[in-house]
Amino acid sequence: MPLLSKKEVLNLKLNSIDSNNLKLLAQSLEIFVKNKTRTKIIEDIMSISSSIDIALIDNFIKSKYDEIIKNRENQISDNDLKLELSKVKTFSWGIVQGQLDQKIQAQYVRKYMHYDELINIVKSKLHSEITNYVICTWFNHWTTVLIEEHISKHPKVIPTLKNIKGIDIFFDGQPFDLKISYLPKDYDIEIALKYPYQLAKWLYENQGIQRFGADNRFYVILLDKDNPDKSWELKRDFELVFSNIDKFLDREKISSQDEIIFSYQGKTYTAVTKILLITK
């Protein structure tokens, strides 16, 4: 999507707040909420938006997000979670993400006709593949949680309080889908380092059709230049990742220069994009 107006961004922010907190926000703005639908509450807030200090809404969202982080920390502290993530010694999917059932059907269910043979091959091969798959998914999830929480605490970032398609954060007044990943295997490292926005465009144009989106994106790409296969280890090098993210967010602003025009299946799209390459 192209750059949005302040009013358009405010509407998205309100839609990114869960219903209970939306009512609390409206009440703090002296808006009557009893028996009103979510849509009506948002309309009422938008109707007085010109007289509202948007910082009040931003601070409300950030305070509620802090509560979400504290609830997570009550289950496991940051330090303990980082310690658990350090236990991962290898990172090998074994199964292509999203194709587990397809693999089981093709290579096990429809291939073997004898029960004992099926059980033996599952124990000797599939069990380890699924274990690796679960570990990789677990590692990616919880490292992402810690990175997203860190980003959301930055003064120029407003997080979302509920899932909203294509939006994880608002940075410098614009919505972004946060993408934390690694440099694509066959992408030229030198080109990526020299022309990061060319990489961002490539990522838009080469996404899978089932997960296609033209939303604004904030890419954080991790790369071990000497050993790209070890790039996954950078994701738990939180001191390195956090310091690079903080410096990037501190200095960057959003402008029309961040708009990328890309093509996908014969159509042209515009998106506002930020890309940060963290290397070692």
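Data table
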{"quantity": "Candidate residues Lys156, Lys70: accessible-area rank, largest first, probe 1.4 Å", "calculated": "Lys70, Lys156"}
{"quantity": "Whichever lysines have a C-alpha closer than 20 Å to that of Lys267, once near sequence neighbours (fewer than 8 apart) are set aside", "calculated": "Lys201"}
{"quantity": "Placed amide H near Leu183: partners under 5 Å, 5+ positions off or other chain", "calculated": "Leu222"}
{"quantity": "Å² per residue, accessible surface of the stretch 60-112 at 1.4 Å", "calculated": "68 Å²"}
{"quantity": "Stretch gain in nm, segment Lys62-Asp229, where the contour uses 0.36 nm per residue and the Cα spacing is subtracted", "calculated": "56.5 nm"}
{"quantity": "Relative contact order of the stretch 143-255, defined on C-alpha pairs under 8 angstrom at six or more residues apart (%)", "calculated": "29 percent"}
{"quantity": "Nitroxide proxy distance, nm - points 7 Å out along Cα→Cβ at Ile69 and Glu30", "calculated": "3.2 nm"}
{"quantity": "Ratio Rg/Rh [Cα only; Rh per Kirkwood] for the chain", "calculated": "1.02"}
{"quantity": "Translational diffusion coefficient (Stokes-Einstein; Kirkwood radius from C-alpha pairs) of the stretch 152-280 at 10 °C, 1.306 mPa s, in µm²/s", "calculated": "103 µm²/s"}
{"quantity": "Residue-averaged 222 nm ellipticity for the chain, from DSSP H runs of 4+ at -39500 (n - 2.57), nearest 500", "calculated": "-14500 deg cm²/dmol"}
{"quantity": "Inter-label distance, nm, simple model (7 Å from Cα along the C-beta direction), Asn132/Ser92", "calculated": "0.4 nm"}
{"quantity": "Reduced Cα scattering model of the stretch 92-214, Debye log10 I(q)/I(0), q = 0.23 Å⁻¹", "calculated": "-1.35"}
{"quantity": "In degrees, nearest ten, helix 127-152 long axis to first principal axis of the chain (Cα)", "calculated": "20 degrees"}
{"quantity": "C-alpha long axis of helix 19-28 to longest principal axis of the chain, angle in °", "calculated": "20 degrees"}
{"quantity": "Per-selection Kirkwood Rh - the stretch 1-111 (Cα, Å, 1 d.p.)", "calculated": "18.3 Å"}
{"quantity": "Column: log10 I(q)/I(0), Debye, Cα scatterers of the stretch 178-238, q = 0.15, 0.19, 0.21 Å⁻¹", "calculated": "-0.48, -0.76, -0.91"}
{"quantity": "Coarse-grained scattering of the stretch 227-280 at q = 0.23, 0.24, 0.30 Å⁻¹, given as base-10 log I(q)/I(0) from a Debye sum over alpha-carbon atoms", "calculated": "-0.89, -0.91, -1.13"}
{"quantity": "Accessible-area composition of the chain, carbon plus sulfur, in percent [1.4 Å probe]", "calculated": "50 percent"}
{"quantity": "Sorted largest first, extent of the stretch 52-130 alpha carbons per principal axis (Å)", "calculated": "69, 32, 19"}
{"quantity": "For the stretch 24-84, diffusion coefficient by Stokes-Einstein and Kirkwood Rh (Cα), 25 °C, 0.890 mPa s, µm²/s", "calculated": "177 µm²/s"}
{"quantity": "For Phe218, distant residues with modelled amide H under 5 Å away", "calculated": "Asp177, Leu178, Lys179, Lys274"}
{"quantity": "Euclidean distance between Cα centres, the stretch 1-32 to the stretch 72-135, Å", "calculated": "41 Å"}
{"quantity": "Between 0 and 90°, nearest 10: helix 38-47 axis offset from the chain longest Cα axis", "calculated": "50 degrees"}
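The values are calculated or read from the model by the stated rules, or taken from the named source; none is laboratory data. The model shown is predicted, which means the values in this text are computed figures rather than measured ones. Counting neighbours? That spans all protein chains shown, and the Cβs are built from the backbone with ideal geometry, glycine included. Quick note on the areas: whole protein, heavy atoms, side chains included, nothing else; ligands and nucleic acids left out. Shrake-Rupley method; radii C 1.70, N 1.55, O 1.52, S 1.80 Å.
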